[in-house]
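Dumping the structure here so I can ask a few things about it.
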2 protein chains.
Amino acid sequence: MATIQDVAKKAGLSRTTVSRVINEHPYVTEEKKRLVTQAMQELNYVPNSSARRLRRQQTETIAVYVPRITNPFFSHLVEVMEKEAAKKGYQLILCQTRYKKEQERNFLELLKTKQVDGLILTSIENDWSEFEPYLSFGPIVVCNEYSDSAQVPSVYLNQIEGSYLGTKHLIDQGYTKIGYCTGNHKSSRVSKDRKIGFLQALDEAGIMMKEEWFFYNAYSVQDGFAAFKKLSELDDKPQAVFTGSDEVAAGIAKAAFDAGWRVPEDLAIIGFDNQPLAALMDLTTVEQPIDTIAKQAMNLMVEAIQAKKPLSRKEVILPFQLIKRSST
Amino acid sequence: MATIQDVAKKAGLSRTTVSRVINEHPYVTEEKKRLVTQAMQELNYVPNSSARRLRRQQTETIAVYVPRITNPFFSHLVEVMEKEAAKKGYQLILCQTRYKKEQERNFLELLKTKQVDGLILTSIENDWSEFEPYLSFGPIVVCNEYSDSAQVPSVYLNQIEGSYLGTKHLIDQGYTKIGYCTGNHKSSRVSKDRKIGFLQALDEAGIMMKEEWFFYNAYSVQDGFAAFKKLSELDDKPQAVFTGSDEVAAGIAKAAFDAGWRVPEDLAIIGFDNQPLAALMDLTTVEQPIDTIAKQAMNLMVEAIQAKKPLSRKEVILPFQLIKRSST
DNA sequence: CGAATTCATGAAATCGTTTTCATAATCAGA
DNA sequence: TCTGATTATGAAAACGATTTCATGAATTCG
């Protein structure tokens with residue numbers, strides 16, 4: 001491997017001048033520039049990134065936390081972020097937390113040991129106080145999730161509004177017995193807010209909710225199957241069900257279909273996210289503008305890194321959209 | 001930020017000794033070890049990874065090439081790889097080539113500039129000769145794809161066998177007019193082999209194929225819609241269709257359903273991959289053992305990095321499995 | 001008991017850049 | 001023509017670790 005020293009020697013110049021050419025600094029004559037470029041080519045030279053990182057004290061790399069990359073919502077988010085980052089000369093390190101607190105904490109070392117310039121969190125398992133101390137090592141941007149105590153920028157959607165929108169739609173269609181089927185409702189702020197919006201819509205319409213119509217811990221298609229089973233065994237069954245994701249909605253729809261139910265006549269179903277799956281299964285769903293969230297979050301991050309000063313709290317709240325299909 | 005020097009001073013020892021403690025080298029008394037650990041804690045010290053990378057000449061990072069992370073097949077692959085890599089202390093850098101030759105070549109700089117220790121390719125757009133020269137910078141492992149000229153390990157499936165398996169199944173079910181709907185059939189070896197296996201099965205059964213029953217450039221659900229449209233407008237329609245992915249199969253199934261066709265009576269459909277989507281749509285499909293491919297590829301890579309010697313050609317060929325559902 | 005190992009530690013070299021500082025040469029303005 | 005700014009270049013310091021080499025102390029062996 002040729003080093004900058006070799007290039008310098010070959011070109012009959014100093015390391016400094018070579019470095020200047022590489023980094024496009026001013027004050028190098030065309031003549032020398034040519035000499036250096038030629039030497040670099042002949043030696044097949046490329047600057048060593050570890051050395052550059054050390055000297056520059058920056059890595060041009062950003063860590064992105066997701067629970068699991070196979071979740072279409074997150075893979076979509078990551079796809080757009082990677083594209084955006086590459087455009088600006090940054091790379092992405094993928095961190096799958098697997099919904100585990102410990103796993104999430106482990107990855108924090110990346111920032112501390114200066115392996116990345118910053119962190120984007122798309123889901124949060126730990127309390128914010130776990131992240132707080134790491135802010136001194138580099139910027140953190142929250143995306144999709146949010147936390148009241150986090151003193152960093154957050155790009156997110158008002159989930160209260162989103163679930164309100166979906167629930168209101170069900171109510172407008174005339175359903176009065178509405179089930180609720182989502183993931184965890186305790187830890188994540190997203191889940192909490194979704195529930196608030198749901199209840200708010202019911203409340204405004206003066207509709208009652210039964211405890212047995214709540215189904216929790218539903219994330220996947222499989223979970224949707226299970227939820228339908230429970231639902232179908234109730235004496236007093238809901239006429240419609242609000243879900244936290246298109247996968248769950250699809251699972252319920254499939255199970256209902258297999259059981260000979262008609263959708264939406266016997267059971268109306270509304271999904272969340274507007275994934276390709278939703279179109280495929282003709283599911284009404286609440287769309288989140290994933291592209292925009294991802295881009296905004298990445299832009300904030302790159303800005304923060306380049307400005308080299310800590311980010312302050314800032315909220316970017318984007319709107320939802322209802323996609324009406326035949327499942328409601 | 002505290003450096004190793006600060007720790008050394010605080011502990012009243014040399015950098016060398018501190019480094020020994022960090023890296024768990026022998027020949028340090030318990031007494032000093034304790035001193036160092038304490039100093040590290042008090043100063044909240046963590047070793048700077050850039051410096052370590054520079055000195056050690058390795059990055060503990062692996063680049064993974066995928067076309068798009070939103071493609072469930074690849075996101076599944078990456079999920080498993082990341083898990084496996086993390087277990088061994090490596091990180092993953094995500095490189096989306098977007099099926100573009102140029103994009104793919106761009107990412108090669110990562111290896112050249114020593115930003116990663118090695119490359120795993122899960123899809124190949126360029127000719128192998130483009131990769132060849134980069135082998136001197138670090139190991140490359142091919143996964144899922146394969147190339148005859150590549151002098152590196154490849155973990156893959158015999159796609160001839162896979163499509164043969166699926167096609168044979170259709171034939172066994174009694175279909176004699178079989179359509180073929182996949183992605184590109186020219187550039188990628190995977191596609192080429194799939195076609196060979198398909199034709200082989202037909203040939204063995206003495207079944208004829210019509211030119212108009214080939215549908216190419218089908219990757220997504222949308223493409224499936226389009227393919228069905230073309231298919232349904234034919235005078236002589238196939239009774240069954242072999243597809244290159246579950247998404248395409250799902251698209252065809254959905255379009256067929258919307259057009260009032262019954263599956264499999266009016267049109268039998270077979271998918272590829274056995275994604276959750278296939279279960280949801282009740283699609284018969286050819287399963288690829290993604291977990292195994294991913295793990296094996298990652299293990300080979302880590303081995304190569306740690307052995308520090310170039311990898312030689314080696315083939316790991318894994319078996320397919322037919323998942324029978326109601327679409328055939 | 002002396003010689004040969006093994007253990008324990010530190011000084012200094014090293015990894016390959018970028019950046020600071022010094023200096024010389026050129027240029028512009030009065 | 002002299003002065004001060006601007007342009008062009010290189011020597012050396014810095015980034016923060018690991019590794020090599022040297023050295024003395026402790027231990028083992030014949």
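When N is the residue count of chain B, what does its C-alpha Rg come to as a fraction of 2.2 N^0.38 Å?
Normalised by 2.2 N^0.38 Å, the Cα Rg of chain B equals 1.29.
For the interface of A with B, what's the total buried accessible surface in square angstrom, probe 1.4 angstrom, rounded to the nearest hundred?
4100 Å²
Run through the DSSP bridge list for the protein assembly as shown and note the antiparallel percent, rounded to the nearest 5.
Counting only bridges with both partners in the protein assembly as shown, antiparallel ones make up about 10 percent.
How large is Rg over Rh for the range A:72-225, taking Rg from the Cα atoms and Rh as the Kirkwood inverse mean of 1/r across Cα pairs? Spell out each step's value before the answer.
Working: Rg = 18.3 Å, Rh = 17.6 Å.
Answer for the range A:72-225: 1.04.
Right, next: Assuming 0.36 nm per residue, please report the length gained on full extension of the stretch A:ARG56 to A:GLU30 beyond their Cα-Cα distance.
6.8 nm
May I ask you to evaluate 6.51 cos²θ - 1.76 cosθ + 1.60, the Karplus curve with θ = phi - 60°, for each residue of the range B:103-108 and list the ³J(HN,Hα) values in order in whole Hz, giving x for glycine and proline?
Per-residue couplings from phi come out as 4, 4, 5, 3, 5, 4 Hz.
Now a separate question. Say each of A:ILE196 and A:ASN23 gets a label point 7 Å from the Cα, pointing the same way as Cα to Cβ; how far apart are those two points in nm?
So the two model labels end up 4.8 nm from each other.
While we're on this one: What are the DSSP H helices in chain A that stretch 24 Å or more along their long axis, judged by alpha-carbon atoms, and whose average Kyte-Doolittle hydropathy comes to at least -0.5?
Counting only whole DSSP H runs, the qualifying helices are A:290-307.
Okay, next question. Counting only protein heavy atoms, what percent of the accessible surface of chain A is carbon or sulfur at a 1.4 Å probe?
Numbers: 7030 of 14440 Å².
In chain A, the share of accessible area belonging to carbon and sulfur is 49 percent.
Distances from B:LEU322 to the same position in the other copies: list them in nm, one decimal, shortest first, using label points 7 Å from Cα along Cα→Cβ.
4.7
Which distances, shortest first and in nm, link B:GLN200 to the matching position in the other copies, using label points set 7 Å out along Cα to C-beta?
Label point to label point, same position, other copies: 6.1 nm.
A follow-up question, please. List the residues whose amide H sits under 5 Å from the amide H of A:LEU318, counting only those 5 or more places along or on another chain, with H placed 1.01 Å from N in the peptide plane.
A:TYR156, A:LEU157, A:ASN158
Quick one: Cα convex hull volume of the range B:159-287, Å³ per residue? Present the calculation step by step, with values, prior to reporting the outcome.
On the way: hull volume 11.8 nm³, N = 129.
Once divided by residue count, the hull of the range B:159-287 is 91 Å³.
From the cross-link list A:LYS101/B:LYS87; A:LYS210/A:LYS237; A:LYS100/A:LYS254; A:LYS114/B:LYS10; A:LYS83/A:LYS324; A:LYS88/A:LYS308, which pairs have alpha carbons spaced over 18 Å apart?
Flagged as over cut-off: A:LYS100/A:LYS254; A:LYS114/B:LYS10; A:LYS83/A:LYS324.
Now for a separate question. Collect residues whose amide H, placed 1.01 Å from N in the peptide plane, falls under 5 Å from the amide H of A:LEU311; neighbours closer than 5 in sequence don't count.
A:ILE140
A further question follows. For the protein assembly as shown, report the % of Cα-Cα distances exceeding 35 Å. Show your work: numbers first, answer last.
Details: 108370 of 214840 pairs.
Value for the protein assembly as shown (Cα pairs over 35 Å): 50 percent.
Place a point 7 Å from the Cα of B:GLU233 along the Cα-to-Cβ direction; which residues of the range B:250-277 have their backbone N under 17 Å from it?
B:252, B:255-256, B:259
Determine the calculated [θ] at 222 nm for chain A from helices alone, applying -39500 (n - 2.57) to every DSSP H run no shorter than 4 residues and normalising by the residue count; nearest 500 deg cm²/dmol. Walk me through the numbers on the way to the answer.
Details: 14 runs with 147 residues, N = 328.
Helix-only estimate at 222 nm: -13500 deg cm²/dmol.
Taking the Cβ-Cβ separation of B:LYS309 and B:ASP127 as r and a Förster radius of 25 Å, what is the calculated FRET efficiency to the nearest 0.05?
The computed FRET efficiency comes out at 0.45.
Shortest first and in nm with one decimal, please list how far the A:ARG56 label point sits from its counterparts in the other copies (point 7 Å along Cα→Cβ).
Reported distances to equivalent positions: 2.2 nm.
Whole percent per 10 Å bin, from 0 to the bin with the longest distance: what is P(r) over all C-alpha pairs of the range B:4-47?
Spelled out per bin, shortest first, that is 34, 62, 5.
The values are calculated or read from the model by the stated rules, or taken from the named source; none is laboratory data. Keep in mind that what you see is a predicted model, and the values were worked out from it rather than measured. Cβ atoms come from the backbone with ideal geometry, glycine included; neighbour counts cover every protein chain shown. Surface areas here come from the heavy atoms of the whole protein model, side chains and all, with no ligands, DNA or RNA. Shrake-Rupley method; radii C 1.70, N 1.55, O 1.52, S 1.80 Å.
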